[in-house]
Amino acid sequence: MLELKNVTVSYGPVVAVKNVSLKVEKSSITTILGANGSGKTSLLHAIVGLNKIVSGEILFEGERIDKFEAHEIVRRGLILCPDNRMVFQKMTVLENLQAGAYLRRDDLSKDFEFVFTLFPKLKERLKQKAGTLSGGERQMLAIARALMTKPKLLMLDEPSTGLAPNLVTEIMRAIKRINESGVTILLVEQSAYAALKISHYGYVLQTGRLVMEGPSERLIRDSSVVESYLGGR
């Protein structure tokens, strides 16, 4: 569904990502692992048109998209749920969800039902301002808002960062259910163990370069993935 061919991203003289090639198969959960500063977020921003690539190609469903503007990429069903739980803090939970569906003109009822099944707490807080939610609830809202766009491929940037272990488990369980509903997922994570447990295939980035890849069940058994690149579970 998504393919990167020798993609390089830079900020002036600083190269953030160098010659990265990877694939995301339809209906899969693919994870990109790496420590802070490894280039994970720069890569996601390049995919959705927020960073322009220096060289290489990005294809979505066989169509080259690296020359498109971000809004054109969104219209094709490739959606990024960014890090730092970026919700509209002065808007209610309901208004945030409705904002996610701003391009849609079809019936939203089934999608509301699905996100409330995933995150029942959001239904309890529909009229509450997003800025008053806890960190975990904001992450749930950010994912739910992204789902309201009806994505073909959902990219999640560090959804577990700063969350308590029980909330990390809840978020990962929700991501797996989203995938089972038919949404392809590209998951960027520092929490290697949690991500590999639910994903099908993984890539490891180190200082902007791919240093390892393979089926998740193999990577999760490889101690060097956790110890050398990710600093533990």
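Taken together, the values in this text are just the output of simple stated rules run on the coordinates, not laboratory data. Predicted model, so just to flag it, every value in this text is computed and none were measured. FYI the Cβ positions are ideal-geometry reconstructions off the backbone, even for glycines, and counts take in every protein chain you see.
Of the residues making up region 193-212, just one is free of Cβ contacts under 8 Å to residues at least 60 places away in the same chain, within 20 Å of R177 (Cβ to Cβ) and either in a strand (DSSP E or B) or of a type in the set (F, W, Y) (or both), namely Y193. Looking only at region 193-206, filter to residues that are crowded, with 23+ Cβ neighbours inside 10 Å and among the hydrophobic types (A, V, I, L, M, F, W, C); which one of those is nearest to the chain's Cα centre (by Cα)? So, considering only residues that are crowded, with 23+ Cβ neighbours inside 10 Å and among the hydrophobic types (A, V, I, L, M, F, W, C), the one nearest to the chain's Cα centre (by Cα) is A195. Among the residues of region 106-134, those that are out of contact with any helix residue (DSSP H, G or I) (no Cβ under 8 Å at 6 or more places or on another chain), assigned to a helix (DSSP H, G or I) and within 21 Å of T161 (Cβ to Cβ) comprise G131, T132. Taking the residues in region 102-131 that are in contact (Cβ under 8 Å) with a residue 40 or more places away in the chain and hydrophobic (A, V, I, L, M, F, W, C) as candidates, determine which candidate is nearest to M86 (Cα to Cα). So, considering only residues that are in contact (Cβ under 8 Å) with a residue 40 or more places away in the chain and hydrophobic (A, V, I, L, M, F, W, C), the one nearest to M86 (Cα to Cα) is A130.
The test for being surrounded by 15 or more Cβ atoms within 10 Å (Cβ to Cβ) and free of Cβ contacts under 8 Å to residues at least 60 places away in the same chain holds for S10.
Would you say I185 is of a type in the set (A, V, I, L, M), surrounded by fewer than 21 Cβ atoms within 10 Å (Cβ to Cβ) and either in contact with a helix residue (DSSP H, G or I) (Cβ under 7 Å, 6 or more places away or on another chain) or free of Cβ contacts under 8 Å to residues at least 24 places away in the same chain (or both)? Considered against the rule, which asks whether it is of a type in the set (A, V, I, L, M), surrounded by fewer than 21 Cβ atoms within 10 Å (Cβ to Cβ) and either in contact with a helix residue (DSSP H, G or I) (Cβ under 7 Å, 6 or more places away or on another chain) or free of Cβ contacts under 8 Å to residues at least 24 places away in the same chain (or both), I185 comes out as no.
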